[in-house]
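The values are calculated or read from the model by the stated rules, or taken from the named source; none is laboratory data. Treat the numbers as computed from the prediction; the structure is a model and nothing was measured. Note: ideal-geometry Cβ built from the backbone for every residue, glycine included; neighbour counts use all protein chains shown. Only protein heavy atoms, including side chains, enter the accessible area calculation; ligands, DNA and RNA are left aside. Shrake-Rupley method; radii C 1.70, N 1.55, O 1.52, S 1.80 Å.
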Amino acid sequence: MPFEPLEPGKVKMYLCGPTTYAAAHIGHAYSAIAFDTIRRSLKWLGYDVKFVRNVTDVDDKIIKRANELGEDPVALAARFADDYNRDMRRFGISAPDVEPKVSGHIQEIIGVIEKLIANGKAYASHGDVYFEVETFANYGKLSGQSLDDLRAGARIEVDERKRSPADFALWKGAKPGEPFWPSPWGNGRPGWHIECSAMTVAHLGETFDLHGGGKDLIFPHHENEIAQSQGAHGDHTFARYWMHNGFLNFAGEKMSKSLGNVFNCDQIAEAVGGEALRFFCVSHHYRSPVDFEIESIRDADGNAVGVKFNSLEAADRRLEYFYLTLQRIDTFLLANPGDATAGKADKDATAWVDVARDALADDFNAPVVIAAMGDAAKLANKLLDSGKGVSKDDRRRTLAVVAETLRNVGLALGIFENDPVQHLRERRARLVKRRNIDVARVEALLTERTTARAEKNFTRADEIRGELTALNVEMFDAPGGTDWRVRDDG
């Protein structure tokens, strides 16, 4: 389906954001990275994007958690919202243009509910207000759910206050221990689904371009958003394009606390760094389900003492390859100064950019872009290893173009934005900690090797290289001299 925004060159985009009652986990990050990449890609392709991502700070789960902790629900939600945004920054996720909160849009929500009642789409009952699903003929079109299935009541709790089991709450009457706001139907608070309908209209209008979220939100949340929004504002289209990211699975199982496979963002960032998770995510198509491989670390007695993130460590190694390539190019260009425009770049230094552009324009196919980036890096490393048959100007020009294009296209995916030397040193610090490497010993050997080479004692210098290799340490040229990395070949 060709993408045609309402206004040429401009995109209005909404993403269902977090319900903030606990620390953000890898599932939250996976979805946020997917849609941040889509947003970045749209901008890279030349669109002016207005991106709205809400915060649900009024919800049953928030109230339950706040009561357990003895906190004010709205204050608790605000605290976890701040934590969420901090965690997302670790993964290179840009702040939304607008971040509306439910607690700040109560009057807009009440206004939409009043329109639904006036249009015969909703009814008040015992202090609550419900949307009458039977009044919306297209209910179930997005998800493929049929009203007959819903009438069977297999997934819906029977409630005598409703005209039909499929009807869902727009407004919930106040209960002891819960936050509430005044309304025409008495004190209460919004239902979950109506919140997004009100916030999208407030910030993007009655019709906008893209609506995103996880596949788990298709039904009932997104289905109900459509019914409410069109029920209140007319039969014109609510969101013109719906986009849903696939599930993140662990050994074929969905993420759940009962299975012990819920990992918080802090845990991921400390283990492999935020960009490794991002690289892992953009290496898969956002719509596809992804199997996330983990492995238990056990002590001598067989007791689980930690987790090895196999998928992320593989992504981390591949990301290191790209950063090493960029660092090698930077070092070469620094050591071989010259006219930046002299020479002719190899055609393969730029041809891959068109492949990347076409892939991003084809439903944001980021894995194709990653593969094309790999080809560009391969070309660069070939020239760095041996420039035989290539003039110095052509070699320099090609390497400069590869570095420039990798960084430029990386903007669309949110990768390669860090300084290579800083990235490699931060990665080294994590591996040093994980492998208990004696940094002082490594640095002493490197200093001794430098002295041995200066004294032309190449036998000792070679011995030291062997000792470093035994420590899983590898040396490489860097701006300012020799640096080192921890070998991590999986």
Query raised in the report: Residues in region 244-259: is at least one touching an Asp or Glu at 6+ places or on another chain (Cβ under 7 Å), of a type outside the set (D, E, K, R) and at pLDDT 95 or above?
Result: no
Report summary line: Cβ pairs under 9 Å, 6+ apart or interchain, first in region 354-382 and at positive phi and touching a residue at least 12 places away in the same chain (Cβ under 8 Å), second outside any helix (DSSP H, G or I) and open to solvent by less than 20 Å² (accessible area, probe 1.4 Å), ordered by first then second residue, are Asp363/Met243; Asp363/Tyr286; Phe364/Met243; Phe364/Tyr286
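Okay, residues lined up against (1) in contact with a Phe, Trp or Tyr (Cβ under 7 Å, 6 or more places away or on another chain); (2) assigned to a loop (DSSP other than H, G, I, E, B); (3) of a type outside the set (Ser, Thr, Tyr):
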site: Tyr14; (1), (2), (3): yes, no, no
site: Arg40; (1), (2), (3): no, no, yes
site: Lys43; (1), (2), (3): no, no, yes
site: Lys50; (1), (2), (3): no, no, yes
site: Val58; (1), (2), (3): no, yes, yes
site: Ile63; (1), (2), (3): no, no, yes
site: Asn67; (1), (2), (3): no, no, yes
site: Asn85; (1), (2), (3): no, no, yes
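For every residue, the table says whether it meets (1) within 18 Å of Gly231 (Cα to Cα); (2) buried (at least 18 other Cβ atoms within 10 Å of the Cβ); (3) at pLDDT 90 or above.
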residue	(1), (2), (3)
Ala122	yes, yes, yes
Tyr130	yes, yes, yes
Asp149	no, no, no
Ala152	no, no, no
Gly173	no, yes, yes
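Scan region 25-42 for residues that are farther than 18 Å from Asp266 by Cβ and either without any contact (Cβ under 8 Å) to a residue 24 or more places away in the chain or among the aliphatic types (A, V, I, L, M) (or both) and jot them down.
So in region 25-42, the residues farther than 18 Å from Asp266 by Cβ come out as 34-42.
Hits for region 25-42 are Ala34, Ile38, Leu42.
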**Report entry** Every residue from region 175-184 that is open to solvent by 50 Å² or more (accessible area, probe 1.4 Å), more than 36 Å from the chain's Cα centre (by Cα) and in contact (Cβ under 8 Å) with a residue 60 or more places away in the chain
**Finding:** Pro184
Query raised in the report: For Gln327, which of the numbered conditions (1) within 19 Å of Asn261 (Cα to Cα); (2) assigned to a helix (DSSP H, G or I) fails to hold?
Result: (1)
Query raised in the report: Name the pairs: first residue in region 4-20 and free of Cβ contacts under 8 Å to residues at least 24 places away in the same chain, second residue in a loop (DSSP other than H, G, I, E, B), Cβ to Cβ under 7 Å, at least 6 apart or on different chains?
Result: none
Query raised in the report: Just wondering, is there one or more residues in region 224-242 that are surrounded by 14 or more Cβ atoms within 10 Å (Cβ to Cβ), at negative phi and either free of Cβ contacts under 8 Å to residues at least 24 places away in the same chain or touching a Pro at 6+ places or on another chain (Cβ under 6 Å) (or both)?
Result: no
Requested in this report: Kindly check whether there is at least one residue in region 415-434 that is open to solvent by less than 60 Å² (accessible area, probe 1.4 Å), assigned to a helix (DSSP H, G or I), closer than 20 Å to Thr350 by Cα and out of contact with any Leu (no Cβ under 7 Å at 6 or more places or on another chain).
Outcome: no
